Amino acid sequence: GEEIVDGTASHYDTLTKERDALTKERDQLKASSNNLMTEKNQLQSRYYTVSARRDALQLEVDRLKLVQNCPQGWEKFGCSCYYVSSASITWSESREDCANKGAHLVIINSREEQAFLNKFAVRAWIGLSDREDEGKWKWVDGSPLVGEAFWRKGEPNDHSGNEDCVELTGVEYQWNDILCTQRQSWICENVITN
Ligand SMILES: [Ca+2]
Ligand SMILES: [Ca+2]
Ligand SMILES: [Ca+2]
C-alpha cells in the first residue's frame, strides 16, 4: 500500500532532481564549450599574428647577416658592399657590368664614403657623368650631384669638349672628367636595402 506509493514518489523526486542536475551540468558544459571555442579562435588568430611576426624577424635577420658579410670579393662600408674590378673597360661597359652584378657604379654620398674609396688608390670609373646635359653632373641613379664634390684642382675641364665621365684618379679626393671611351677599372656599389 502506502509504502510502495511513498517509495515510488520518493524515487520520482530523486529522478527529477537528477534530471535537473544533469540539465544544469549540460548547460554549464555548453557554456564552457562556447568559451573554449572563443578561446580557440583567439589563440588561432594570435598564432597567425605571431607567425607573421616571426617571418618578418627572419627576413630582418637575413638582411642583417647580409649587411654584416658582403659576398666574397666585395668590401663592406656602411650599408653598402663594394667591388673593385681588375679589368679595364669603358664607362658604359662598367655601368653594365655593375648592373649585371645587381649593383651600380659607385655613387659617392659623403666624405666618409670618399675616404673609404681613397684606400683603393686606383684609377677607376665612378657612377657620375654629364653625358646627357653638358655641365649637369648626374649619378647613375638619376640624382644630380649635390653637396660635396671632390674634383681635382682645375677639374672638371671637359678637355677637348668631350670629357663626360668621371674617374677616381687614384689620388685621394681627386675626381677628374675624362673620355667615356677610355678603358680602366671601375667600382661597383651594392646598397643593402630593407
Ligand atoms: Ca654610396
Ligand atoms: Ca663634359
Ligand atoms: Ca678632365
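Diffusion coefficient (Stokes-Einstein, Kirkwood radius over C-alpha pairs, 4 °C, 1.567 mPa s) for the stretch 1-68: 75 µm²/s, rounded to a whole number. Loop-located trypsin sites (Lys or Arg not before Pro) in the stretch 109-190 (DSSP state not H, G, I, E or B) with no more than 10 neighbouring Cβ atoms inside 10 Å: Lys119, Lys153. Summarising the label geometry, the points placed 7 Å from Cα in the beta-carbon direction at Ala121 and Thr8 lie 11.8 nm from one another. Given the stretch 117-182, what whole percent of its Cα pairs are spread farther than 18 Å? Tail of P(r) above 18 Å: 30 percent of Cα pairs.
By the Cβ-Cβ criterion of under 4.7 Å, the unpaired cysteines of the chain are Cys79. Taking every alpha-carbon pair in the chain and binning the separations at 5 Å intervals from zero gives 1, 7, 11, 13, 11, 7, 5, 4, 3, 3, 3, 3, 3, 3, 3, 3, 3, 2, 2, 2, 2, 2, 2, 1, 1, 0, 0, 0 percent. Based on alpha-carbon centroids, what's the gap between the stretch 3-60 and the stretch 114-152 in Å, whole number please? Going from one Cα centre to the other spans 72 Å. Normalising the Debye intensity of the stretch 48-143 to I(0), with uniform scatterers on Cα atoms only, and taking log10 at q = 0.14 Å⁻¹ returns -0.65.
The numbers here are math on the coordinates, done by the rules we state, and not lab data. As the structure is a prediction and not an experimental result, all values here were calculated from the model. Note: ideal-geometry Cβ built from the backbone for every residue, glycine included; neighbour counts use all protein chains shown.
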